[in-house]
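The next block holds one structure in the form of structure tokens; read it before the comments.
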Amino acid sequence: MPELAEYGFWKSPITSDLIVREAVRLGGTQIEGDDIYWVEGRPAERGRYALMRKRGGEEAAELTPAPFNVRTRVHEYGGGSYAVKDGRVYFSHYADQRLYAAGDGRPPAAVTPEAAWRYADADIDPSGERLIAVREDHSRPGTEAVNTIAAVDPSGRREQAVLVSGSDFYSNPRLSPDGKRLAWLSWDHPRMPWDGTELRVADLDAEGFPANARTVAGGPRESIYQPRWAPDGTLYFVSDRSNWWNLYRTDGRESEAVIEMEAEFGLPQWLFGGSTYDFVSADRLVCAYTRDGSWRLATIDAARRELENIDIPFSDIAGVHAAGNRVVFSGGSPTEPPAIAVLDLATGRLDIVRRAFEAPAELKKHYSIPEPVEFDTENGRTAHAFFYAPHNPDYEAPAEELPPLIVECHGGPTGSTSNALDLRTQYWTSRGFAVLDVNYGGSTGYGRAYRERLLGQWGVVDVDDCVNGAQSLADAGRVDGERLIIKGGSAGGYTTLAVLTFRDAFKAGASHYGVSDLEALALETHKFESRYLDSMVGPYPEQKQVYRERSPIHHVDSLSAPVIFLQGSEDKVVPPDQAESMMAALRRKGVPTAYVLFEGEQHGFRMADNIKRALDGELLFYAMVLLRKGVRH
């Protein structure tokens, strides 16, 4: 019989030790012939990212032994950290940001000079003699980094050459199959890539330099994602011109839709190297798309413009790449760990190459299955979330008790949450907490109009949606409205602090490297996001007063709920002084607070010990300030 115990105090086999002991982060998939490549982040190795290759029926092998760390710092968020051709790999090493060659049985060797340059999103020309990559130049301290598209000769015989310059940002430099044309995306301040980008194409002259460059799609109000050349030389791309990120193609003069539907085939370009589609042949594609917060895999007959769904056990899909009928991707579901998977389109066979962790069979009975929910919010609108009820077969709560609720705010804020299994969520639900993971207005996956709800309204719409989502569950009698907790990281940390400061609904919160001072963020952050707040809050300094009005640091008198701050010491996106200023102000006021600084961590925690400390410390904090009778606030 289940043991009777209060919500929040159930013992769980999903411990912080289990979460960090063997689990890895999986992504960066690619395929070449019979070879499958991926990148795995290893908390047990202080967050190091290793490049893996599985060749045919052989065991997977690591191509980048320690201390190599396959991670680029372009835009600070990285992605697109390696490229491969004919079994030879070129990757960015985090420590010095140089490009290295690997995969030929010898130790990795540098192919770029020591310089203040960073590289990402490389393509390799058909001859294999040049890498065409986004390059970010940090050689002039005190000034903004300069982004270009550059050609790198890995043999070292030719100096690097800048091929494209003049815009603030670039991504997706892609060579046509014959190597005679180059396509790329560009955009300028104050736009972010999900606001508007230009898809440009140029011919390459005899020396490999662009000529006759022209814009073939995009603009200030059209976001283009993932240009890719078909085997026959047709250029495909994803555009949100219809409100939804749908698939298009162009002959260089006119564009036409390949698939039009109320679903998203694109993603916000926080990271380089994203891929939601690839070519099986010139007229057949394999793709992933999301609708109502859930991803699906499908094939597309481009000639007939028909889409056919594929039945696979995944609801979160990324990194889609194909070689013939073989498709590799990373996938997750509500009940299975994230995995690198290979699908044979001809036979339907699905093989798992690597799982993020191997879950004991008895662990699965402790999983809470996410329930998609919609709820009413301000201005007659509807918002979206996933609700996880508390679940542990070994316990039951007193009949009259309702569970405490943790509202989770994702980062970005132009991001989204997923219903894929995350043991960090199950850590809470298996202890008797309910969790509401909110896709507030501004989140991606629900069309451009939903994404643009946050324009000029950051700190308003997201706050309303998180409060209304929690209140809807309390009104329905599913959670205890007197024990509401809110937490989030980065932009989600800002929403957390704004909710706690400007509303009275929540009793405690946790800010993971969150923003407390919008004005300081606008003045201090890195190039990629340095003008982001122009659209989310307003132009600075013209709207300086709005920045102050929405910054929790200037309204500490309104905050009385206990807060725990968790922060990386080397965070360049949201520097530690954001958390430290807020904590100091709360302590002067006498509000219960805690501050944990993780040495060596940046924007997000990657080291096993720190992930463990953050989870357990947050649980202890909630227990001290909220859960037990006599110490509830």
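Of the solvent-accessible surface of the chain, computed with a 1.4 Å probe and all protein chains present, 46% belongs to carbon and sulfur. Note down the relative contact order for region 16-137 as a percent, whole number, built from C-alpha pairs under 8 angstrom at least six residues apart. About 16 percent, as a whole number. Restriction of the GluC sites (Glu not before Pro) in region 514-549 to DSSP coil positions whose beta-carbon has at most 16 other beta-carbons within 10 angstrom yields Glu542. Would you mind telling me the antiparallel percentage of the DSSP bridges in the chain, rounded to 5? Here the antiparallel bridges make up roughly 80 percent for the chain. Accessible surface comparison of Asp311, Asp534, Asp462, Asp283, probe 1.4 Å, protein chains only, largest first: the order is Asp311, Asp283, Asp534, Asp462. Taking the centroid of alpha carbons for each part, region 157-205 and region 1-64 are 34 Å apart. Translational diffusion of region 446-510 was estimated from the Stokes-Einstein equation, with Rh taken as the Kirkwood radius over Cα pairs; at 37 °C and 0.692 mPa s the coefficient is 264 µm²/s. A full extension of the chain between Ala116 and Asp34 corresponds to an added length of 25.9 nm, given 0.36 nm per residue minus the alpha carbon distance.
Protein heavy-atom accessible surface, 1.4 Å probe, per residue over the chain: 39 Å². For region 97-141, the set of GluC sites (Glu not before Pro) satisfying both a DSSP loop assignment and a count of at most 12 other C-beta atoms within 10 Å is given as Glu114. One Cα centroid belongs to region 220-260, the other to region 391-412; the line between them spans 43 Å. Of the GluC sites (Glu not before Pro) found in region 224-260, the ones in coil according to DSSP and having at most 10 other Cβ atoms within 10 Å of their Cβ are Glu254. Amide H to amide H, with H built 1.01 Å from N, Asp316 comes under 5 Å of Trp295, Gly332, counting only residues 5 or more places away or on other chains.
Of all complete DSSP H helices in the chain, those with a Cα span along the helix axis of 15 Å or greater and a mean Kyte-Doolittle hydropathy of 0.5 or more are 491-502. On a 22 Å Cα-Cα criterion, which of the cross-link pairs Lys85/Lys527; Lys364/Lys507; Lys487/Lys612 come out too long? The pairs that break the limit, which is 22 Å between Cα atoms, are Lys85/Lys527; Lys364/Lys507. Each 10 Å bin from zero holds the following percent of Cα-Cα pairs in region 552-633: 17, 43, 34, 6, 0.
The values are calculated or read from the model by the stated rules, or taken from the named source; none is laboratory data. Model, not experiment: these values are computed from the prediction. Heads up, the Cβs are rebuilt from the backbone with ideal geometry, glycines too, and the neighbour counts pull from every protein chain shown. SASA here: full protein model, heavy atoms, side chains in, ligands and nucleic acids out. Shrake-Rupley method; radii C 1.70, N 1.55, O 1.52, S 1.80 Å.
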